[in-house]
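The values are calculated or read from the model by the stated rules, or taken from the named source; none is laboratory data. What you are looking at is a predicted structure, and each value in this text was computed from that prediction instead of being measured. Don't worry about glycine lacking a Cβ; one is built from the backbone with ideal geometry, like all the others, and counts go over all protein chains shown.
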Amino acid sequence: MDLGISGRLALVTGGDSGIGFQTAQRLLREGVRVALSDMKQDSVDAAAEKLRAFGEVRGFAADLTDPEQVRALHGAVRDGMGDPDIVVSAAGITGPTGLFHDLTEEDWHRVIDVNFLTALRVARSFIPAMREKGWGRVVFIASEDAVQPYTDELPYCASKAALLSLSKGLSSTYGPDGITVNCVSPAFIETPMTDAMMEKRAKRDGVDIATAVKTFIDKERPMMTVRRRGRAEEVADAIAYLVSATATFTTGAVLRVDGGSVGTMV
Ligand code: NAD
């Protein structure tokens, strides 16, 4: 299927790893030009180098928890490549875990800042130019945790639920301007984020990684009918659809890519 976005410019945050990196590659294959952003210039440049075979891509460093760096990112992308037509916000962390009574005020601030406010800041910077063009696509990466909270990672769950609400609200605000705003909602995707979770679990239980993955699915994700970790490419495919020229009537939506992990229909 031709997605109709060849020649468009996309900003992908969290772009040097996992879902962001695979999304960048997927969009480059569609002929999209990509501004790849992540925390550190050397690693984002290295990621951009790996992607160069697929199309035009440049690396931009920014810590998106710093509003000043988001402003600087906006200026650098605009001056270097132009105003993005597409924004995919994939920056995120698991953050501090533990039961509610063991978490501090600072733990909550950190996760809400990285997972929610970074996406909000990026949207605030880049949506105005989309409005001027009368065309835009914004995708946030939520999570199964947004609608199915797990007791040991409530800050993460709440940060992702906030993204669902923001996405729906922005879709209403900017629909008349030709901008769609959607979420993908993945579960247990094979990336450095869940690699770290599985390494911790394997160490705790004295087992290998494959066994840790299996027991995690069996015990913690019983509704996952596709009984394996998802692939970042599978999430990237869903994102590619949402940012396509084809997806003109899909906005304020949540597209689950979770192997069935969320136990309800809606
Ligand atoms: P990842 O750790 O591979 O990638 C996350 C990227 O975000 C990293 O490159 C990191 O440097 C970047 N980042 C973190 N803090 C940042 C900041 N302050 N400023 C700029 N960049 C920052 O993880 P991933 O699994 O690819 O996750 C991508 C997104 O998908 C995250 O929002 C995550 O919450 C979400 N998600 C992942 C899964 C999963 O199972 N892997 C499931 C649901 C949702």
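General observations
- Residues of the stretch 79-131 classified as acidic (Asp, Glu), out of contact with any strand residue (DSSP E or B) (no Cβ under 9 Å at 6 or more places or on another chain) and touching a residue at least 12 places away in the same chain (Cβ under 8 Å), total: 2
- Residue check for ALA247: of a type in the set (Gly, Ala, Ser) and within 14 Å of the ligand (Cβ to nearest atom): no
- Screening the stretch 176-193 for residues that are within 14 Å of the chain's Cα centre (by Cα) and among the hydrophobic types (A, V, I, L, M, F, W, C) and picking the one that is farthest from the ligand (Cβ to nearest atom) gives VAL181.
For every residue, the table says whether it meets (1) modelled with pLDDT of 95 or more; (2) more than 10 Å from the ligand (Cβ to nearest atom); (3) more than 23 Å from ARG221 (Cα to Cα); (4) assigned to a helix (DSSP H, G or I).
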| residue | (1), (2), (3), (4) |
| --- | --- |
| ARG131 | yes, yes, yes, yes |
| THR151 | yes, yes, no, no |
| TYR156 | yes, no, no, yes |
| LYS168 | yes, yes, yes, yes |
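- Within the stretch 224-249, the set of residues being among the charged types (D, E, K, R) and more than 27 Å from ASP177 (Cβ to Cβ) comprises ARG227, ARG228, ARG229, ARG231, GLU233, GLU234.
- Residue within the stretch 35-56 that is surrounded by fewer than 21 Cβ atoms within 10 Å (Cβ to Cβ), more than 20 Å from the chain's Cα centre (by Cα) and touching a residue at least 60 places away in the same chain (Cβ under 8 Å) present: no
- The residues in the stretch 152-182 that are among the basic types (Lys, Arg) and surrounded by fewer than 19 Cβ atoms within 10 Å (Cβ to Cβ) can be counted, and the count is 1.
- All of ARG231, ARG204 fail the test of being within 11 Å of the ligand (Cβ to nearest atom) and surrounded by fewer than 22 Cβ atoms within 10 Å (Cβ to Cβ), apart from ARG231.
- Number of positions in the stretch 57-86 that are buried (at least 21 other Cβ atoms within 10 Å of the Cβ) and under 14 Å from SER125 (Cα atoms): 9
- Filter result (acidic (Asp, Glu) and more than 16 Å from the ligand (Cβ to nearest atom)) within the stretch 15-36: GLU30
- Residue under evaluation MET81, criteria (1) near the ligand (Cβ under 10 Å from one of its atoms); (2) within 20 Å of GLY136 (Cβ to Cβ); (3) not β-branched (Val, Ile, Thr), criterion not met: (1)
- Residue list for the stretch 107-123, restricted to those being closer than 19 Å to LEU73 by Cα and either more than 15 Å from the ligand (Cβ to nearest atom) or among the hydrophobic types (A, V, I, L, M, F, W, C) (or both): VAL114, PHE116, LEU117, ALA119, LEU120, VAL122, ALA123
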